[in-house]
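Read-outs throughout are calculated quantities, based only on the coordinates presented, and are distinct from any laboratory measurement. Keep in mind it's a predicted model, so treat the numbers as computed, not measured. Positions of Cβ are generated from backbone atoms using ideal geometry, with glycine treated the same way; all protein chains shown enter the neighbour counts.
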């Protein structure tokens with residue numbers, strides 16, 4: 001697979017088996033999974049496996065033929081959103097979803113300009129990777145960034161939250177004006193609804209809805225990237241609900257098929273049709289009966305097992321417990337997040353200075369204790385806690401014990 | 001799914017079941033499948049379904065953990081190519097594979113220029129769709145095309161085959177010189193090894209190896225698109241073997257997982273590592289245990305059932321039988337292709353003028369007779385015969401009977 005294929009851990013983990021929130025390595029060691037959001041309804045989920053296997057044993061073809069399972073799935077998926085979301089285009093990866101969303105926004109507005117944050121990641125294609133970690137003030141063929149709105153490491157140290165809000169909104173207005181002045185015009189803004197890759201940062205209160213209004217007033221479309229934020233992750237079905245805004249276009253991915261490659265872009269009927277008329281988009285492997293079967297089983301599991309409620313409850317328990325650790329542990333700079341997606345901002349004691357190496361050591365130490373989690377954020381120093389949605393109270397307690405010991409060790 | 005979602009046939013076919021080379025619609029009508037290359041080892045192939053289901057019930061995670069099934073699969077896949085192919089990057093769609101191949105060629109050469117033919121299709125992303133049906137003489141950010149080399153509708157009517165060869169090679173040299181003169185330099189050429197979307201055209205003898213030499217002498221890399229041409233389709237494992245050239249980079253897709261989204265780009269260890277170092281490429285759903293399980297089962301099926309030989313034999317029988325029809329049917333302008341990938345060039349009688357509507361009528365009439373096939377080529381007038389690889393002599397005979405009747409009707 002070539003040198004430098006990306007791997008986690010100094011000594012990579014070789015896995016052989018998964019079950020619910022547990023993963024077994026080749027040496028027989030068992031890990032509690034606090035990282036993986038793709039197997040959202042649990043590793044080796046029986047209902048998803050059965051649905052997928054049965055469909056594969058019956059029929060799996062491309063979408064130039066009709067298949068009722070595919071139509072039913074798209075209808076169900078679209079129905080999980082607000083009324084403005086009426087149709088969807090399915091694809092195979094988050095990257096493909098992001099490509100479709102950008103093409104859709106550009107087709108609808110006739111404009112080229114796209115805005116993102118300066119610490120985001122929406123995919124790995126040539127077009128979409130232009131949005132990756134794009135410094136403010138840089139133009140990449142009509143794609144420009146704004147500073148990530150955040151309270152913990154604010155754009156201006158002495159500013160109040162209200163002043164910070166205005167600073168960020170002014171920067172957004174100026175970015176739109178710049179795109180217009182340079183002939184790109186505004187097609188839209190693309191935002192992860194939880195600002196996840198940005199480090200799950202907390203923006204100044206009101207930033208999301210006010211930024212959305214500014215984009216709409218300028219004629220642009222709002223694309224919510226729900227690839228990480230969606231499917232109950234936040235304690236609501238969609239991350240945008242927790243941040244009080246209504247997107248025009250929604251990108252979905254990772255947890256959608258519990259591991260079967262599946263992504264989708266949902267929007268109004270007019271936006272989807274406009275995209276189709278302009279691009280004649282066809283995707284060989286997408287909108288297939290097997291994608292629909294897996295996707296439907298995932299929605300059924302989330303619904304029937306009341307995972308939205310479970311995520312809210314267990315997530316709140318975890319968040320509170322982690323916050324309780326904070327006062328006595330100056331390396332825990334900040335604890336934040338929603339639902340089952342939490343971040344612990346690891347810092348040099350008594351500062352807000354990111355401590356990437358310290359965070360890495362915590363991740364390695366937790367691996368030794370049989371817990372898998374990751375690092376995220378603009379600086380890579382945020383401990384990312386994002387277990388499968390089926391993570392229960394008892395799992396949280398088990399984790400908190402190991403985490404408290406690890407944090408204590410780091411402060412010893 | 002929006003208006004204008006692409007569908008086959010005036011009255012689309014709604015499918016409910018598949019088995020080998022057969023597809024059943026909702027009304028109970030059974031079709032012989034002469035179109036679908038993705039389910040290469042047959043619709044609902046038991047071995048692939050079992051391998052996939054067993055793996056999904058055991059473990060399916062991303063590739064930042066190690067998994068022996070993934071490593072074994074990549075090794076097996078790479079071993080099916082010539083010695084220069086040593087490593088691979090897996091992805092989820094042919095488009096993602098094409099993106100990787102272009103990024104790899106550009107990373108290795110430091111150049112931007114890419115050459116393709118003027119009637120090709122390599123994918124649907126913003127970058128890759130620049131190659132779609134790109135007119136000669138047009139520049140799309142360093143991507144330029146050459147005329148599709150072909151004997152049936154030659155670039156110059158009165159030219160001999162040898163003269164035609166030189167015309168096309170001269171045009172390639174001029175295109176490279178143009179890219180260099182305009183500061184793009186040459187990164188490489190991307191070619192479907194069977195010129196499939198171009199209409200399965202037959203180039204002047206020697207064109208592939210000589211074009212490849214010209215690209216190599218100019219410092220460029222040769223990318224073989226085997227998304228349609230690969231996995232025994234041509235009667236050899238890879239289409240490039242039938243056209244006597246040795247690519248530096250190979251893109252694979254469609255049949256690779258018999259319907260599980262799976263694609264891959266294989267090349268030398270240095271090319272793959274160079275790509276990884278430059279792009280830090282990661283793909284959430286790719287290089288997964290389920291992809292590897294499905295992919296391995298497909299290779300096992302092709303090998304154990306001797307499908308390379310079967311494709312050669314049945315394909316040759318079909319080709320000969322179709323050619324036999326030609327003299328008495330002036331609408332059959334040309335019959336060509338390799339292995340189980342044949343094209344019938346449908347023309348206005350006695351000319352080489354493409355008859356798209358006539359081809360469409362044949363496709364519709366064959367649907368009524370219970371046969372599914374498609375249209376392809378620069379003009380859309382080529383009947384595309386591309387059944388699953390498990391298509392047998394008896395199926396070919398069954399098809400030929402219906403086809404002969406349909407062709408006779410069209411000439412009546």
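I'm trying to understand the selection: among the residues of the range A:309-325, which are free of Cβ contacts under 8 Å to residues at least 24 places away in the same chain and surrounded by 16 or more Cβ atoms within 10 Å (Cβ to Cβ)?
Of everything in the range A:309-325, just one residue is free of Cβ contacts under 8 Å to residues at least 24 places away in the same chain and surrounded by 16 or more Cβ atoms within 10 Å (Cβ to Cβ), namely A:319.
Quick one: how many residues across the range A:269-308 are within 13 Å of another protein chain (Cβ to nearest Cβ), outside any helix (DSSP H, G or I) and surrounded by fewer than 19 Cβ atoms within 10 Å (Cβ to Cβ)?
2
Yes or no, residue by residue, for (1) free of Cβ contacts under 8 Å to residues at least 24 places away in the same chain; (2) within 9 Å of chain A (Cβ to nearest Cβ); (3) in a helix (DSSP H, G or I):
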site: B:76; (1), (2), (3): no, no, yes
site: B:84; (1), (2), (3): no, no, no
site: B:89; (1), (2), (3): no, yes, no
site: B:96; (1), (2), (3): no, yes, yes
site: B:104; (1), (2), (3): no, no, yes
site: B:107; (1), (2), (3): no, no, yes
site: B:116; (1), (2), (3): no, no, no
site: B:120; (1), (2), (3): no, no, no
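Condition first: more than 10 Å from chain A (Cβ to nearest Cβ), touching a strand residue (DSSP E or B) at 6+ places or on another chain (Cβ under 6 Å) and part of a loop (DSSP other than H, G, I, E, B). Now tell me which residues in the range B:1-33 satisfy that.
B:21
Could you check how many residues of the range A:122-152 are in contact with a strand residue (DSSP E or B) (Cβ under 7 Å, 6 or more places away or on another chain) and part of a helix (DSSP H, G or I)?
Residues in the range A:122-152 being in contact with a strand residue (DSSP E or B) (Cβ under 7 Å, 6 or more places away or on another chain) and part of a helix (DSSP H, G or I): 2 in total.
For the range B:237-261, what are the residues that are at the interface with another protein chain (Cβ under 8 Å from one of its Cβ atoms) and part of a loop (DSSP other than H, G, I, E, B)?
Within the range B:237-261, B:253, B:259, B:261 meet the criteria.
Enumerate the pairs (first residue in the range A:368-385 and without any contact (Cβ under 8 Å) to a residue 24 or more places away in the chain; second residue anywhere and assigned to a strand (DSSP E or B)) with beta-carbon separation below 7 Å, excluding pairs fewer than 6 apart on the same chain, so at least 6 apart or on different chains.
Matching pairs, first to second residue: A:375/A:382; A:375/A:383; A:375/A:384.
With (1) surrounded by 22 or more Cβ atoms within 10 Å (Cβ to Cβ); (2) closer than 14 Å to residue A:290 by Cα as the list, and residue A:34 as the residue in question, which single condition is left unmet?
The number of the failed condition is (2).
For the range A:327-345, give me the residue count where each residue is touching a residue at least 60 places away in the same chain (Cβ under 8 Å) and in a strand (DSSP E or B).
So the count comes out to 10.
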